[in-house]
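We did not get these values from a lab; they are worked out from the coordinates using the rules stated. Everything numeric here is computed off the predicted structure, so don't read it as measured data. Counting neighbours? That spans all protein chains shown, and the Cβs are built from the backbone with ideal geometry, glycine included.
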Amino acid sequence: MLQQTPEGLSERYIMNQIFTVEGMTCGHCEKAVTKALLALDAQAKVTIDRTQNKVQVESDQPRAALAKAVADEGYRVIT
Ligand SMILES: [Cu+2]
């Protein structure tokens with residue numbers, strides 16, 4: 001979906017990207033992953049279900065960059 005920035009100067013192409021991530025054991029892990037993704041894209045919408053090892057990110061950032069942010073935090077990105 002296309003999302004106007006508040007300034008209306010440029011457009012972001014937002015993709016819904018779903019990752020399987022292992023190693024998230026508690027709420028702190030979810031917060032750490034969320035924080036890492038928001039550091040990459042402050043406008044990202046992050047939804048995590050650690051019981052399903054699932055991280056969903058709505059962002060215009062490339063999938064590889066999002067995966068790297070999670071991996072650099074110490075979690076295993078499976079897919
Ligand atoms: Cu934890």
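Annotations
- For the chain, adding -39500 (n - 2.57) for each run of n ≥ 4 DSSP H residues and dividing by the number of residues yields -9500 deg cm²/dmol at 222 nm.
- Note: relative contact order over the chain, using C-alpha pairs below 8 Å and six or more positions apart, is 37 percent.
- What you get for the chain, charging only the Cβ of Lys and Arg (+1) and of Asp and Glu (-1), is a dipole of about 220 debye around the Cα centre.
- Among D49, D41, the ranking by other beta carbons within 10 Å of each residue's beta carbon, starting with the fewest, stands as D49, D41.
- Neighbour-count ranking [beta-carbon atoms within 10 angstrom, fewest first] of Y75, Y13: Y13, Y75
- Exposure proxy ranking for T20, T51, based on other Cβ atoms within 10 angstrom of each Cβ and starting from the fewest, stands as T51, T20.
- Judged by the ratio a/c of the largest to the smallest principal axis of the C-alpha gyration tensor, the chain counts as prolate, that ratio being 1.5 or greater while a/b is larger than b/c.
- Over all other residues within a Cβ to Cβ distance under 15 Å of H28, the charged ones net out to +1, with Lys and Arg as +1 and Asp and Glu as -1.
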